[in-house]
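Read the structure below first, then the notes.
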4 protein chains.
Amino acid sequence: MRDAGSPMPGADAPAPVAGPLSPDELNALVRRQFPDYAACRVTDASGTHLLMEADGARLRTRPGGTISGPEQAGLVDLAAFLLINARLGRPTPMALTTSLQISYLNRPRPGLLRTHARMAKFGRRLCVVLAELRDEAGDLAASATVTYSVPPAAAGPGTG
Amino acid sequence: MRDAGSPMPGADAPAPVAGPLSPDELNALVRRQFPDYAACRVTDASGTHLLMEADGARLRTRPGGTISGPEQAGLVDLAAFLLINARLGRPTPMALTTSLQISYLNRPRPGLLRTHARMAKFGRRLCVVLAELRDEAGDLAASATVTYSVPPAAAGPGTG
Amino acid sequence: MRDAGSPMPGADAPAPVAGPLSPDELNALVRRQFPDYAACRVTDASGTHLLMEADGARLRTRPGGTISGPEQAGLVDLAAFLLINARLGRPTPMALTTSLQISYLNRPRPGLLRTHARMAKFGRRLCVVLAELRDEAGDLAASATVTYSVPPAAAGPGTG
Amino acid sequence: MRDAGSPMPGADAPAPVAGPLSPDELNALVRRQFPDYAACRVTDASGTHLLMEADGARLRTRPGGTISGPEQAGLVDLAAFLLINARLGRPTPMALTTSLQISYLNRPRPGLLRTHARMAKFGRRLCVVLAELRDEAGDLAASATVTYSVPPAAAGPGTG
């Protein structure tokens, strides 16, 4: 499908990439660039999907141990960034969030939080990632749409 | 799961309902209340999911035959309304959209458009529906989050 | 301010533009390209703000005469498109909505609806427009954020 | 206007309130309940508007000293919470964010960040707050829409 195709080399494109970054490479990126998110660990990644776990005990909480709303927003933003980096095949710090929409559905129980991100659009200039956040019991805590702009040279030809 | 449980009778709840409205009942509701959306037809519905098809030739288009953006917003809004009505088990005109967020991903090809709506939260006061719009080729045209408020008596006890 | 500056000629820029389109020029554009929105009339426009009136009696309504939610979304989308065209100084059909978020605040009374749009960001690739919709009594009916992508050649150098 | 009226006592309403909380009362609330936001200080508050300053040096930053996106989301979420508390006339921890939409417009310069929040809707169940974030030079860094649900008894009769 158009919205899940691999980046193809072309006029504006960089040299062909070897493939998506691995979870290990993405976790190394988090350790280097996002020390605030040391609680997070990517467990699975492809060019279209990413799973990330976070130890809730190491995140900002509210009374009762639930993870704060902005911290949940931070998790989906990070997962989207990592998915885009995975797809681009290399660290791309110039991928920047342009907008984030998050709906808080149920307060997550204390404990592990899992973020599942999937690529809804991978364009030459804009990427749209849909993400869901679930607590350890599997209940949906939040749903989010994150839009990133990517430098034109980074993405190669795409659909938008 | 908390976000997909059946409505249960309780203190604020109406009499127990027989079950979700059927596609036929929902289509009759569209014909009565939404004559602007005569192009739409529900093909599948449960308390948590709904599929709706629309004949693009009968919707507002832009040059080239693609469906206009606001018309796409109208489709996801309608699908969300119908899913909530299905879940409530009866027509509930006082279910009102409180917010709608839509990301346009790829311009849909002319022809049939399919909207897939799923219930992310069914609360006593607020419902959140996630929807995707695909063209006849199956390509993702848009992704949306729609929030509805429902009258307290309609929903029965829920999670928020 | 950076977010309200005039487009300046530069490396990627088109020839210098004469200035924003006038309300008359924008209304001619609506008549040519958006026959569905014949009820709308721009009454004021600059490079950063735009006012548009719509005759509610000629829009899609709901029982009671209130304007339908998707029709309200259509008004803010159109106002954003026209503001961006005004700023660019010429009709730019390739300006495309990438996302729209609208909060419905109060059901508008039947009658005239006024949309006020202002440019929050005018970048090389992305424009963000904030819009408010008020009914004839001046009550706030809806508030919206609309993001457009503009073709790189159209906008000239900007901030993003 | 309906969207900016004072809460009036009525059937569902608590005892009449003395008036909005003062900046001093709101700052005391932040110190007690939001130690993560010790960098924030309310400088002005009414029932419809609130201004809050944050010392960027004490917030989560990205390389170059710019404030991280999720931290900006946290500021607008906090400002919305405080504005709603101010309007209600007393601390209301059960006011919960139901959704947050933020558009990142320009990376803020290091230094002071100012959040300006205004009440777009103050309903019996839902409140919608619009917020803008500006850096020390006055440039618009972000624009946001935050929706809160408030306990029915807290808000008194309203518009929705």
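Where a number appears in this text, it was derived from the coordinates with a stated rule and is not lab data. For clarity, every value in this text was computed on a predicted model and none was experimentally measured. For neighbour counting, all protein chains shown are included, and Cβ atoms are generated from backbone atoms with ideal geometry for every residue, glycine included.
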Chain C: which residue's Cβ hugs the C-to-D rotation axis most tightly, distance rounded to whole Å? C:Q101, 2
Calculate the translational D of the stretch D:23-149 in whole µm² s⁻¹ from Stokes-Einstein, where the hydrodynamic radius comes from the Kirkwood formula applied to all Cα pairs, the temperature is 25 °C and the viscosity 0.890 mPa s. 172 µm²/s
Whole-Hz Karplus couplings 3J(HN,Hα) for the stretch B:53-68, θ = phi - 60° and coefficients 6.51, -1.76, 1.60, Gly and Pro as x, run 10, 9, 7, x, 5, 9, 9, 5, 10, 10, x, x, x, 6, 6, 5
Non-local residues with an amide H under 5 Å from the amide H of D:L112, with H modelled 1.01 Å from N and Pro and chain starts lacking one, are D:G56, D:E136
List, shortest first and in nm to one decimal, how far the label point of D:H49 (7 Å from Cα along Cα→Cβ) is from its counterparts in the other copies. 1.5, 5.0, 5.0
Note on the stretch A:23-149: contact order normalised by length, alpha-carbon pairs under 8 Å, 6 or more apart, percent, works out to 25 percent
List the distances, in nm to one decimal, from the label point of D:S22 to the label points of the same position in every other copy, shortest first, placing each label point 7 Å from Cα along the Cα-to-Cβ direction. 5.5, 6.2, 6.6
Counting only residues 5 or more apart in sequence or on a different chain, those whose built amide H sits under 5 Å from that of D:L105 are D:A142, D:S143
Can you give me the C-alpha center-to-center distance between the stretch B:43-96 and the stretch C:78-114, rounded to a whole angstrom? 22 Å
If each K or R counts +1 and each D or E counts -1, the residues other than C:L51 whose Cβ falls under 12 Å of its Cβ total +1
Shortest first and in nm, the label-point separations between B:L112 and its counterparts in the other identical copies (7 Å out along Cα→Cβ) come to 4.1, 4.6, 6.1
Cross-link candidates for B:K121: which aspartates and glutamates have Cα within less than 12 Å, leaving aside residues fewer than 8 places away along the same chain? A:D139, B:D3
With x for Gly and Pro, the residue-by-residue ³J(HN,Hα) of the stretch A:23-38, computed from phi through the Karplus equation 6.51 cos²θ - 1.76 cosθ + 1.60 at θ = phi - 60° and given in whole Hz, is x, 4, 5, 5, 5, 5, 4, 4, 4, 6, 9, 10, x, 5, 10, 5
Assuming 1.002 mPa s and 20 °C, estimate D for the stretch C:89-149 with Stokes-Einstein, Rh taken as the Kirkwood radius over Cα pairs, in µm²/s. 169 µm²/s
Under the Karplus curve 6.51 cos²θ - 1.76 cosθ + 1.60, θ = phi - 60°, whole-Hz ³J(HN,Hα) for the stretch A:127-137, x wherever Gly or Pro sits: 10, 10, 10, 9, 9, 10, 10, 10, 8, 4, 7
Expected integer from the mean partner chain Cβ neighbour count at 10 Å over B:71-78 is 4
